[in-house]
Amino acid sequence: QVRLVESGGGLVQAGGSLRLSCAAAGSILSINTMGWYRQAPGKQRELVAAITSGGSTNYADSVKGRFTISRDNAKNTVYLQMNSLKPEDTAVYYCNAGIYTLGLAGAMMHWGKGTTVTVSS
């Protein structure tokens with residue numbers, strides 16, 4: 001069984017920084033793309049940033065230049081460094097990963113339970 005565990009959320013003032021972490025654990029053979037999504041109250045879940053196993057990244061336009069995604073393949077962990085936070089960044093942030101496990105031919109998408117980020121003005 002595979003699980004993703006996020007950490008690092010919290011309350012921060014506008015202009016501040018937070019670093020989110022997401023560790024994958026379980027019977028993992030390999031992980032391809034890992035990403036962060038967010039869902040604000042009353043809104044749809046949206047992609048914030050993603051990173052491939054080779055290190056290629058993409059970002060939502062709203063966070064470019066402020067957020068940085070990275071990963072440690074040896075630790076099966078993805079990070080999201082969030083700087084210059086704005087009140088509109090307030091949301092529940094979810095980790096997502098495509099994971100290969102024993103007994104399955106392809107990667108399955110897994111989600112974490114989410115961590116809350118609140119940015120006060």
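The values are calculated or read from the model by the stated rules, or taken from the named source; none is laboratory data. Since the model is a prediction, treat every value here as computed from it, not as a measurement. Cβ atoms come from the backbone with ideal geometry, glycine included; neighbour counts cover every protein chain shown. For the accessible areas, the whole protein counts, side chains as well, though only heavy atoms, and no ligand, DNA or RNA atoms are used. Shrake-Rupley method; radii C 1.70, N 1.55, O 1.52, S 1.80 Å.
Using a 1.4 angstrom probe with every protein chain in place, what is the largest-first accessible-area order of TRP36, TRP111?
Listed by decreasing accessible area, they come as TRP111, TRP36.
Between SER62 and LYS75, the simple label model (points 7 Å from Cα in the Cβ direction) yields a spacing of 2.8 nm.
Sequence-distant contacts, meaning Cα pairs under 8 Å at least 6 residues apart, place the relative contact order of the range 17-57 at 32 percent. Excluding ligands, DNA and RNA, the accessible surface per residue across the chain is 53 Å² with a 1.4 Å probe.
Surface composition of the range 6-108: carbon plus sulfur atoms contribute 49% of the solvent-accessible area (1.4 Å probe, protein chains only, all chains present).
The aspartates and glutamates whose alpha-carbon is closer than 19 Å to the alpha-carbon of LYS64, local same-chain residues fewer than 8 away aside, are GLU46, GLU88, ASP89. Taking the Cα centre of the chain as reference, the dipole from Cβ charges on Lys and Arg (+1) and Asp and Glu (-1) amounts to some 80 debye.
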